[in-house]
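The values are calculated or read from the model by the stated rules, or taken from the named source; none is laboratory data. Quantities reported herein were computed from a predicted structural model and do not represent experimental measurements. Cβ placement follows ideal geometry from the backbone for every residue including glycine, while neighbour counts extend to all protein chains displayed. The protein model used for the area step is the full one, side chains on, heavy atoms only, and it has no ligands, DNA or RNA in it. Shrake-Rupley method; radii C 1.70, N 1.55, O 1.52, S 1.80 Å.
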Amino acid sequence: LSVLRDRNPTFVRLAGGSVRNAYTVKVMNRSNERREFQVVVEGPVKFAVKIIGMGFARLPAKIVVEADRLRTLRVLLTLPPESLVAESMPVTFRVTTGGEGRSNNTVFLSDGGEQ
């Protein structure tokens with residue numbers, strides 16, 4: 001599991017005041033068979049999660065990765081203005097399958113609710 005937050009722009013303020021961060025998430029299946037993974041996003045607040053190509057995701061989101069392949073996902077996390085309690089909030093991406101799991105810690109950045 002690899003998670004990389006977009007750095008340019010650091011975040012996007014949407015028309016309604018919400019803030020969005022974009023991430024590139026890579027999931028590697030090193031087994032010899034196709035596997036289904038569950039993707040979860042955890043943080044101090046509840047994010048609206050959109051996975052490009054899957055729409056708004058109900059977590060845990062299920063993805064399939066073919067045998068010995070890498071799957072790349074574009075994930076958008078959005079928070080409404082009232083949930084912006086700090087300029088930097090911890091976020092954990094967690095991927096599990098068959099009792100195995102990996103996690104990657106990153107951050108959600110904003111201007112702390114200032115407009």
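Tabulated data for the structure shown
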item: Residue check, Lys50 under 20 Å from Arg5 (Cβ atoms) and open to solvent by 40 Å² or more (accessible area, probe 1.4 Å); result: yes
item: Selected residue (criterion: surrounded by the most Cβ atoms within 10 Å (Cβ to Cβ)) from residues of the stretch 7-26 that are of a type in the set (A, V, I, L, M) and in a loop (DSSP other than H, G, I, E, B); result: Leu14
item: Within the stretch 66-85, tally of residues that are open to solvent by less than 70 Å² (accessible area, probe 1.4 Å) and either farther than 15 Å from Met28 by Cα or more than 19 Å from the chain's Cα centre (by Cα) (or both); result: 10
item: Tally of residues being without any contact (Cβ under 8 Å) to a residue 40 or more places away in the chain and touching a Ser or Thr at 6+ places or on another chain (Cβ under 9 Å) across the stretch 32-52; result: 4
item: Within the stretch 86-95, considering residues that are assigned to a strand (DSSP E or B) and out of contact with any Pro (no Cβ under 8 Å at 6 or more places or on another chain), the one most open to solvent (accessible area, probe 1.4 Å); result: Arg94
